[in-house]
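*Asks:* One structure, as structure tokens, below. Some questions next.
We did not get these values from a lab; they are worked out from the coordinates using the rules stated. All values reported here derive from a predicted model rather than from experimental measurement. Note: ideal-geometry Cβ built from the backbone for every residue, glycine included; neighbour counts use all protein chains shown.
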Amino acid sequence: MANNSQAFINEIQTKYATTGDFIVLGNALLNGENQPNATIKLPLKTLNRHGMIAGATGTGKTKTLQTIAESLSLKGIPTLLMDIKGDLSGIGASGTTNSKIEERQAKIGIPYEPQSFPVELYSISKEKGIRLRATISEFGPVLFSKILGLNDTQSGIVSLIFKYCDDERLPLLDLSDFKRLLQFITNEGKANIEKEYGKISSTSTSTILRKVIELEQQGADLFFGEYSFEVDDLVRKDKNGKGYVSIMKVTDIQDRPKLFSTFMLSLLSEIYSTFPEVGDQEKPKLVLFIDESHLIFNEASDALLNQIETIIKLIRSKGVGIFFCTQNPMDIPASILGQLGLKVQHALRAFTAADRKQIKQTSENYPFSVYYDTETLLTSMGIGEAAITVLTEKGTPAPLAHTLLCAPRSRMDILTESEIDSIISNSQLVSKYNKEVDRESAYEILNEKYAIKEKEPEPEETKAAPRKSSRPEKSTFEEAINSPIAKQVGRTLVHEIVRGIFGVLGVNTSQRKRRR
């Protein structure tokens with residue numbers, strides 16, 4: 001490997017130079033020695049080209065994620081962090097200095113300034129925080145079928161249910177609504193459904209029901225419902241111009257990957273369908289960090305992976321960047337890994353032959369360097385060091401750089417329970433989303449309709465000869481949908497009618513901005 005320090009510094013300064021705004025990741029090392037003025041910069045303009053933070057346990061991935069989120073907040077860029085391990089909440093409190101941190105920052109050339117950052121805490125389970133929900137109708141039949149992992153025949157039945165709800169003005173909000181519709185089309189409504197929409201296989205409906213129950217057992221009943229989250233609330237700044245760091249606490253769903261992938265796909269779909277097209281801007285509108293991202297990919301079907309890949313390709317035109325954090329880059333599908341502009345690789349461990357094979361594959365994902373043996377570098381880096389390549393403003397990969405990373409400015413530990421309670425109580429969004437809403441929807445309307453029908457005495461003439469007219473049933477339904485309660489359903493129905501615009505992608509045009 002080459003050992004010309006000045007040539008190395010010149011290359012770093014040239015290739016990592018920017019004309020627009022940037023954040024500093026750290027300073028380059030050569031042969032383990034800090035190289036003066038060899039600053040590793042990440043251009044804000046290229047953050048919508050996505051990225052990856054990878055490395056073995058204990059090598060500093062979470063602190064790197066924390067540092068990047070802090071730097072973006074200082075630039076007025078909001079972020080959303082998936083906190084799987086529960087150790088990112090410390091961003092909401094100021095850090096403390098020590099001799100090691102000051103020595104590290106002196107080498108990098110940036111003084112250490114401890115500070116806290118504006119934080120919002122979210123949850124899709126029973127964890128403390130702002131509750132995030134979405135209705136089934138907002139998923140649409142294509143996306144909902146992919147989440148359940150259904151085949152074409154089963155997906156057709158799901159599409160039939162959505163179509164029937166559209167035609168009959170039945171709001172489809174939560175899993176209770178969907179299960180009631182499955183029961184309806186195989187029992188009391190089967191004759192009319194098959195007359196209007198065709199035959200339905202009871203075997204297929206049973207399979208769909210089992211899939212729904214599986215999703216429900218992972219806690220999805222807490223996620224599906226109202227009030228639906230509005231993604232515009234993720235792109236907020238505080239009074240000082242710092243971007244909010246939104247932390248999604250998902251420490252209690254590590255063993256429920258289907259729920260996690262359902263939430264992530266819902267969020268990405270909603271962002272895609274809601275945010276306007278902006279193309280490449282000087283800085284992104286929002287950046288997402290998905291910690292332990294293998295939880296999304298390991299349990300996802302091929303159809304779901306294709307859906308995620310499609311949205312990731314398209315969402316950058318909305319000014320959104322996505323960063324995947326995982327122990328091994330091989331956890332990320334190759335089709336997605338190839339789209340990631342920034343790669344931050346912490347040390348890997350070579351304990352087995354399989355480990356060495358993966359390290360060799362990982363090294364091939366980086367630009368060739370005359371200054372490093374990449375395979376050796378990946379196993380020899382210390383804590384708080386990483387092999388980095390960024391996408392330059394010209395769209396080309398920057399040279400590989402062994403980097404001494406900046407230390408986080410905020411607390412490198414979790415918040416206390418009292419600190420978490422204080423953040424939640426002072427949040428402007430808690431009152432908006434934490435009140436449970438259970439308005440009349442398909443479940444209640446169908447139950448009421450057929451309960452009334454069963455109580456009605458059968459007319460004498462009906463006993464003598466079956467009547468062709470179904471007018472009494474229609475009148476009852478008309479009465480139901482014209483009731484004061486049912487009129488509250490309007491906003492969901494508008495959304496359902498326009499859902500087909502993004503049907504090819506399985507995403508839905510949001511009407512959430514109009515809901516209030």
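*Asks:* Once you treat every alpha carbon in the range 318-388 as an equal point and sum by Debye, what is log10 I(q)/I(0) at q = 0.13, 0.16 Å⁻¹?
*Replies:* -0.39, -0.58
*Asks:* Order these peptides, 171-178, 427-434, by their mean beta-carbon neighbour count within 10 angstrom, highest first. Working shown, then result.
*Replies:* Values: 171-178: 24.1, 427-434: 15.4.
In descending order of packing, they fall as 171-178, 427-434.
*Asks:* With no solvent and one point per C-alpha, what does the Debye sum give as log10 I(q)/I(0) for the range 144-201 at q = 0.21, 0.26 Å⁻¹?
*Replies:* -0.82, -1.25
*Asks:* When only Cα pairs under 8 Å and 6 or more residues apart are kept, what is the percent relative contact order across the range 1-98? Can you show the working numbers first?
*Replies:* On the way: 79 pairs, mean separation 19.7, N = 98.
Relative CO of the range 1-98 lands at 20 percent.
*Asks:* Below 8 Å between Cα atoms, with a sequence gap of 6+, how large is the relative contact order for the range 81-219 in percent? All intermediate terms of the calculation are to be shown ahead of the outcome.
*Replies:* Working: 97 pairs, mean separation 23.9, N = 139.
RCO, the range 81-219: 17 percent.
*Asks:* Taking the Cα centre of the range 345-461 as origin, sum charge times position over the Cβ atoms of Lys and Arg (+1) and Asp and Glu (-1), and report the length of that vector in debye to the nearest 20. Before the final figure, lay out each step's value.
*Replies:* Values: 13 positive and 20 negative charges, 234 e Å.
So the magnitude is around 1120 debye.
*Asks:* What does the convex hull of the Cα atoms of the range 264-325 come to per residue, in Å³, rounded to a whole number?
*Replies:* Details: hull volume 4.6 nm³, N = 62.
Here the figure is 74 Å³ per residue.
*Asks:* Distance between the C-alpha centers of the range 29-107 and the range 115-161? Whole Å please.
*Replies:* After rounding, the separation between the Cα centres reads 30 Å.
*Asks:* Express the Stokes-Einstein translational diffusion coefficient of the range 343-453 in µm² s⁻¹, to the nearest whole number, given a Kirkwood radius over alpha-carbon pairs, 37 °C and a viscosity of 0.692 mPa s. Before the final figure, lay out the partial values.
*Replies:* Values: Rh = 19.7 Å.
Answer, rounded: 167 µm²/s.
*Asks:* Count neighbours as other Cβ atoms within 10 Å of each site's Cβ, and list the GluC sites (Glu not before Pro) in the range 275-357 that are DSSP loop with at most 16 such neighbours. Walk me through the intermediate numbers first.
*Replies:* Values: sites: GLU277, GLU282, GLU292, GLU299, GLU309; in loops: GLU277, GLU282, GLU292, GLU299.
Those satisfying the criteria are GLU277, GLU282, GLU299.
*Asks:* Can you give the alpha-carbon Rg of the range 202-353 over 2.2 N^0.38 Å, where N counts its residues? Could the numbers behind the result be given before it?
*Replies:* Numbers: Rg = 17.4 Å, N = 152, 2.2 N^0.38 = 14.8 Å.
Ratio of Rg to 2.2 N^0.38 Å for the range 202-353: 1.17.
*Asks:* OK, next. Between TYR164, LEU215, THR153, whose Cα lies farthest towards the positive end of the dipole of the range 152-234 when Lys and Arg beta carbons carry +1 and Asp and Glu beta carbons carry -1, centred on the Cα centre?
*Replies:* Checking the options against the dipole of the range 152-234, the answer is THR153.
*Asks:* Can you tell me the equivalent ellipsoid semi-axes for the range 38-100? Use √(5λ) from the Cα gyration tensor, largest first, whole Å.
*Replies:* Values: eigenvalues 77, 49, 45 Å².
Square roots of five times the eigenvalues give 20, 16, 15 Å.
*Asks:* Mind pulling up the Rg/Rh value for the range 1-158? Radius of gyration and Kirkwood radius, both on Cα.
*Replies:* On the way: Rg = 21.5 Å, Rh = 19.6 Å.
With Rh from the inverse mean 1/r over Cα pairs, Rg/Rh is 1.10.
*Asks:* Something else: List the trypsin sites (Lys or Arg not before Pro) within the range 139-230 that DSSP assigns to loop and that have no more than 15 neighbouring Cβ atoms inside 10 Å. Kindly include the intermediate steps, with their values, before the conclusion.
*Replies:* On the way: sites: LYS146, LYS163, ARG169, LYS179, ARG180, LYS190, LYS195, LYS199, ARG210, LYS211; in loops: ARG169, LYS199.
Filter output for the range 139-230: LYS199.
*Asks:* What are the residues whose amide H is under 5 Å from the amide H of LEU288, where those residues sit 5 or more places off or on another chain and H is modelled from the backbone?
*Replies:* LEU80, GLY321, ILE322, PHE323
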